[in-house]
Amino acid sequence: MTPSDAHLEPIDTDRWARREHFEHYRRRVPCSYEMTVDLDATRFVEAVRRAGVRTYPAQLWAISTVVNRHPEFRMQLLPDGSPAVWDVVHPEFTVFHPEPETFSGLVVRHDADFRRFHDDAVATIAEHRHDTRMFPQQDRPRNVFDVSSLPWTAFTGFALHIADGWDHLLPIITLGRYRTVDDRVLLPMALQVNHAAADGFHAARLVREVEELLGEPGWIAP
């Protein structure tokens, strides 16, 4: 992993519509919230199988694409505690090591081109398959958001409890195992958001846009 050349742009809070909300949830009522949803992945699963691509990298691309559309999900604090926005963020995702039953966190650069992103993710996973360190890559960038996968179980609720995590503004996303209901394939997705960065409207929009990408998976085709 090469060092990130991304730019962290300070927010002009004097002109920021969310200034009052940010300050309220940063200073007066620090809080985060979680929402767990079932995404309709029926057409996505079919497209992945037809194209012969890997499921996890395809899921990561869809999530990363939507996260990078919206500045509220690219936010980070500056040293003085003021808000700023990365021009791009990359997914840091978990991969499981069966023998020691541990995981590693790997980063792959976001790329608007799905195939390039997919191939980079596949190569990154293969490169570090046998490296069981928690963070095996060198020069990991700071502009990353977290994605985890629990492919062993489906869930209808999932929550993280991060001690003193009020300074973490980037989203945390957890995926579960597919389950079938009637003729639909559902993908559980849990989203944790810092309320200082984003409200329910923004979280709902992210969920909707990820599901739209899964429902119209023409981007997977060769």
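The values are calculated or read from the model by the stated rules, or taken from the named source; none is laboratory data. This is a predicted model, so every value here is computed, not measured. So basically every Cβ, Gly included, is an ideal-geometry build from the backbone, and we count neighbours across all protein chains shown. For accessibility, only protein heavy atoms count, side chains too; no ligands or nucleic acids. Shrake-Rupley method; radii C 1.70, N 1.55, O 1.52, S 1.80 Å.
Assorted remarks:
- Calculated on the alpha-carbon coordinates, the convex hull of the range 64-153 measures out at 129 cubic angstrom per residue.
- By the equivalent-ellipsoid construction on the alpha carbon gyration tensor, the range 40-111 comes out with semi-axes of 28, 19, 9 Å, ordered largest to smallest.
- Taking label points 7 Å from Cα along the Cα-to-Cβ direction, PHE103 and ALA163 give a separation of 2.0 nm.
- Fully extended contour minus Cα-Cα distance, from GLU46 to ARG19, at 0.36 nm per residue: 5.4 nm
- Estimated distance in nm for a label pair at VAL29 and GLU212, the labels positioned 7 Å out from Cα along Cα-to-Cβ: 3.0 nm
- The calculated FRET efficiency for ARG69 paired with ASP119, based on their beta-carbon distance and R0 = 22 Å, is about 0.45.
- Sulfur and carbon atoms: percent of accessible area, the range 120-191 [1.4 Å]: 50 percent
- Portion, in percent, of the accessible area of the range 7-82 that falls on carbon or sulfur, probe 1.4 Å: 47 percent
- Evaluating 6.51 cos²θ - 1.76 cosθ + 1.60 at θ = phi - 60° for every residue in the range 65-70, the Karplus couplings come out as 4, 6, 4, 6, 6, 10 Hz, glycine and proline recorded as x.
- Protein heavy-atom accessible surface, 1.4 Å probe, per residue over the chain: 52 Å².
- Rg(Cα)/(2.2 N^0.38 Å) for the chain, N = residue count: 1.02
- Sum of side-chain charges, HIS118 neighbourhood, beta-carbon under 10 Å (Lys, Arg +1; Asp, Glu -1): -1
- Computed over the range 123-198, the range of Cα coordinates on each principal axis works out to 46, 37, 18 Å, biggest value leading.
- Under 5 Å, built H, 5+ apart or other chain: amide partners of LEU39: LEU187, MET189
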